[in-house]
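Accompanying notes for the structure given below.
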Amino acid sequence: MDLPDLRFYASDDVVSVYTESEYDGLILFFSDKQDLVSKIPSVSKHFALDATFGDSIQLVIPDDGLPAERVLIVPTGSLDNDFDDARRFRDAAFEAGVKALKIGMTRCLVSFCTEPTTGSLSWSFSETQTDYQHFLPVTVLGLLEASFEPVDVRQHYELTQKKVPTLAHLGFMTTSVPEENFGELMQSIRAIEAGRRVARDIGNPDPEIMAPKNIVKYILQQFESIDNVKVTVIDELDVIKKEYPLAHAVTRASLAVERHHPRFVLFEYKSPEQEKVEENLYFVGKGVTYDTGGADIKCSGHMRDMSRDKCGAAAVTGFFKTVSMLSPERVNVTGGIALVRNSVGPDMYVSDEVIVARSGMRVMVGNTDAEGRMVMTDLLCQFKEQILAKKAANEPASDKPSFLFTCATLTGHAIRAYDGYGITLDNGFARKNKISRRIYDAGHVLADPFEISTLRREDLEVVKPGRSSEDIVSANDRPSTMTNRGHQYPAGFMLQASGLDKYGLNNKEHIHIGYTHLDIAGAAEVSSAVGWSLPRVTGAPVAALTGAFLL
């Protein structure tokens, strides 16, 4: 789906810009409603007659047609409360975009009564970062989100020969961003939104429209004209069984249905300037296209919404779309997504099975509904092997630090603990390099927020073997929401089952590999749905990862 035409104006003269261009409405953001009078003089009579005027989003038709014939006034809410952040602009912009489309405004000029250019509420670890330094791109991204329909909706419109309702043109007025920065700003906004749209396209549709083979087809279409990201598809079942035995166990029951067969997709981006590389990044995404829970089946309505259990893989794929557009010089980025279905059937894997992981670790299955960690662990091990091989071969940039990530809608405990926020937690080397802090800070100013959790010794000890028949246990027999440290210990499992735990700060050969686990169970969707429907997919954490590692 094409982005609207975007344009920036280094001006606060709304009347001149509006009259000289073909806009059909003005969207005006404000925090203090008294500031509206300076922008729309005719509203002073509204304040005199209606004490609630400006308390909510509404359309104003000025008598004198100034500064425009129709103005959508949009309150952001307070910006200086102890608990305010950039989501004030994101949420207001999304609501404004939805309202504008309902009104019939498709070519909108956007202005701000007052631009938040200074001040800090002391949220960030960075002493130089201010809370609203990216208010403008956050506002643009909020409007673009409101103007987007995912691929399944677009397919329906195409079949019914209807036009997808969308914003066609957006102009933004600003005096706080220098005109010479407009090009860079435009590039970053387009790249982030393109990545988020890929993530939503994969994450939103039902489990048949985005079955593993259909996700692969979509990915190949998205990257067919991109030459700086190498995409490799693994679809041979024998290869998957050999290279990714834990994931293969999860998908066994799905093998009876050809269209549900698993796929693995690998991504590779190499900086065009290897001498400038500062970090090597590796991302693993969980792509469970539908999670029944397997033999430990989800019941009492808990299976619902499990078509969204692929949002980790969706986010990783979207991030590579963003990478391809920004072509960063300071990083090499490698990724892998496991696309599987956790089905029920005669050959489903069951608790008590012992499966030998790629690392050689014997994994006792504790709960088949803890499939996400199984799906990602072998990929994590593969990337660990790649890092070590590159170091041994002294490949370019192999002397730079390497950081691995798992990205998944992994646990209900994440939602219970942090509600709609993403969660990030580090091993020692990642913590030393402030990886979670970087993600937190970037997410804060880009309205893609994270909470920092902590990986403790108990999270590694709890999955230790209890007998000589296994080397590690994947889970207990209870839901994560009923388990102490239910979102932390899965990272402890993946760290050890992949063999990554051997490359911590105490490695005798001084080979250190960073590992950060991102549980986006709360962030991948908005916190609530309309009626009995499913929540909206957000595209998180593409923006936070872009801000932390690419910009």
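The values are calculated or read from the model by the stated rules, or taken from the named source; none is laboratory data. The shown structure was predicted, so the numbers you read here are calculated from the model rather than taken from an experiment. When we count neighbours, we look across all protein chains shown, and the Cβ atoms used for this are built from the backbone with ideal geometry, even at glycine. Ligands, DNA and RNA are excluded from the accessible area calculation, which covers all protein heavy atoms including side chains. Shrake-Rupley method; radii C 1.70, N 1.55, O 1.52, S 1.80 Å.
How much of the accessible area of region 233-308, in percent, comes from carbon and sulfur atoms when a 1.4 Å probe is used? If you can, show how the numbers build up before the last one.
Numbers: 1590 of 3190 Å².
After summing per-atom areas, the C and S share lands at 50 percent.
Using a 1.4 angstrom probe, figure out how much accessible area the chain has per residue, in square angstrom, rounded to the nearest whole. Show your work: numbers first, answer last.
Numbers: 22980 Å² over 551 residues.
Dividing the accessible area of the chain by its residue count gives 42 Å².
Of all the C-alpha pairs in region 252-391, what % are more than 18 Å from each other? Intermediate results must be reported in sequence, preceding the final value.
Values: 5943 of 9730 pairs.
Across region 252-391, Cα pairs with separations above 18 Å total 61 percent.
Students sometimes get this wrong: rank SER11, SER44, SER468 by accessible area, probe 1.4 Å, all chains present, largest first. The partial results should precede the final answer.
Details: SER11 35, SER44 60, SER468 100 Å².
Ranked list, largest accessible area first: SER468, SER44, SER11.
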Determine ³J(HN,Hα), in whole Hz, for all residues of region 102-108 in sequence, where each value follows from phi through the Karplus function 6.51 cos²θ - 1.76 cosθ + 1.60 and θ = phi - 60°; x replaces Gly and Pro. 5, 5, x, 8, 10, 10, 10
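What's the local net charge at PRO41, with K and R +1, D and E -1, over the other residues with C-beta under 14 Å away? Please report the intermediate quantities before stating the final value.
Values: positive: LYS39, LYS45; negative: ASP35, ASP63, ASP64.
Taking every Cβ under 14 Å from that of PRO41, the sum is -1.
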For LEU455, other-chain or 5+-apart residues with amide H closer than 5 Å (H placed, Pro excluded) are ASP426
Rounded to the nearest 10 Å², what accessible area does THR139 have for a 1.4 Å probe in the complete protein model? 0
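Just to confirm a number: summing +1 for Lys and Arg and -1 for Asp and Glu over residues other than ALA93 whose beta-carbon lies under 12 angstrom from that of ALA93, what do you get? List each step's numbers first, then the result.
Working: positive: ARG87, ARG88, ARG90, LYS99; negative: ASP91, GLU95, GLU145.
Taking every Cβ under 12 Å from that of ALA93, the sum is +1.
Quick one: if the Förster radius is 30 Å, what FRET efficiency do VAL15 and GLN187 give, using the C-beta to C-beta distance and rounding to 0.05?
Details: r = 30 Å, r/R0 = 0.99.
Efficiency, rounded to the nearest 0.05: 0.50.
Give the calculated FRET efficiency between LYS400 and GLU22 to the nearest 0.05, with a Förster radius of 41 Å applied to their Cβ-Cβ distance. Please list the in-between numbers first.
On the way: r = 50 Å, r/R0 = 1.21.
Here the calculated transfer efficiency is 0.25.
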Once amide hydrogens are built 1.01 Å from N within the peptide plane, the residues lying 5 or more places from ASN367 or on another chain with amide H under 5 Å from its amide H are ALA475
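Tally the DSSP beta bridges in the chain and give the antiparallel ones as a percent, rounded to 5. Don't skip to the answer; put the middle values down first.
On the way: 24 of 73 bridges.
So the antiparallel bridges amount to about 35 percent of the total.
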So if I restrict to the alpha-carbon atoms in region 267-347, what is the Rg, and what is Dmax, the biggest pairwise distance, in Å? 17.2, 55
Calculated FRET value between ASP152 and SER468, using beta carbons and R₀ = 41 Å, to 0.05: 0.25
Using the Karplus equation 6.51 cos²θ - 1.76 cosθ + 1.60 (θ = phi - 60°), what ³J(HN,Hα) coupling, rounded to whole Hz, does each residue of region 287-303 give in order, writing x for Gly and Pro? x, 7, 5, 7, 10, 7, x, x, 4, 7, 5, 6, 10, 6, x, 6, 7
Extending each Cα 7 Å along its Cβ direction at HIS302 and LYS508, get the distance between those two points in nm, one decimal. 4.4
Could you give the nm distance between label points at ARG457 and THR128, where each point is 7 Å from its Cα heading toward the beta carbon? 3.8
How are the C-alpha pair distances of region 121-201 spread across 5 Å bins, as whole percents from the shortest bin up? 3, 11, 18, 19, 17, 13, 8, 5, 3, 2, 0
Can you give the Rg to Rh ratio of region 411-551, both from alpha-carbon atoms, with Rh computed by the Kirkwood formula? 1.02
With labels modelled as points extended 7 Å from the Cα through the Cβ direction, what inter-label distance (nm, one decimal) is found for LYS162 paired with LYS276? 4.7
Judged on accessible area alone, 1.4 Å probe, highest first, HIS134, HIS510 line up as HIS510, HIS134
For VAL284, residues with placed amide H under 5 Å, excluding near neighbours: GLY336, PHE405, THR406, CYS407
Enumerate the calculated ³J(HN,Hα) couplings along region 73-80 in order (Karplus 6.51 cos²θ - 1.76 cosθ + 1.60, θ = phi - 60°), each rounded to whole Hz, writing x wherever the residue is Gly or Pro. 8, 10, x, 8, x, 5, 10, 10
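Summing +1 for each Lys or Arg and -1 for each Asp or Glu, what net charge is found among the other residues whose Cβ lies under 11 Å from the Cβ of PRO541?
-1
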Is the shape of the chain best called rounded, prolate or oblate, per the rule: a/c under 1.5 gives rounded, else a/b larger than b/c gives prolate, else oblate, with a ≥ b ≥ c the square roots of the Cα gyration tensor eigenvalues? prolate
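So what's region 389-491 giving for Cα Rg divided by 2.2 N^0.38 Å, two decimals?
Numbers: Rg = 16.5 Å, N = 103, 2.2 N^0.38 = 12.8 Å.
Here the answer is 1.29, to two decimals.
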Under 29 Å from LYS102, Cα to Cα: lysines that are on another chain or at least 8 residues apart: LYS33, LYS39, LYS45, LYS162, LYS163
Under the rule of -39500 (n - 2.57) per DSSP H run of 4 or more residues, summed and divided by the residues of the chain, what mean residue ellipticity at 222 nm is obtained, to the nearest 500 deg cm²/dmol? -10000 deg cm²/dmol
Solvent-accessible area of CYS299 with every protein chain in place, 1.4 Å probe, in Å² to the nearest 10: 80
Taking Cα atoms, how many degrees apart are the long axis of helix 371-392 and the longest axis of the chain, rounded to 10 and kept between 0 and 90? 80
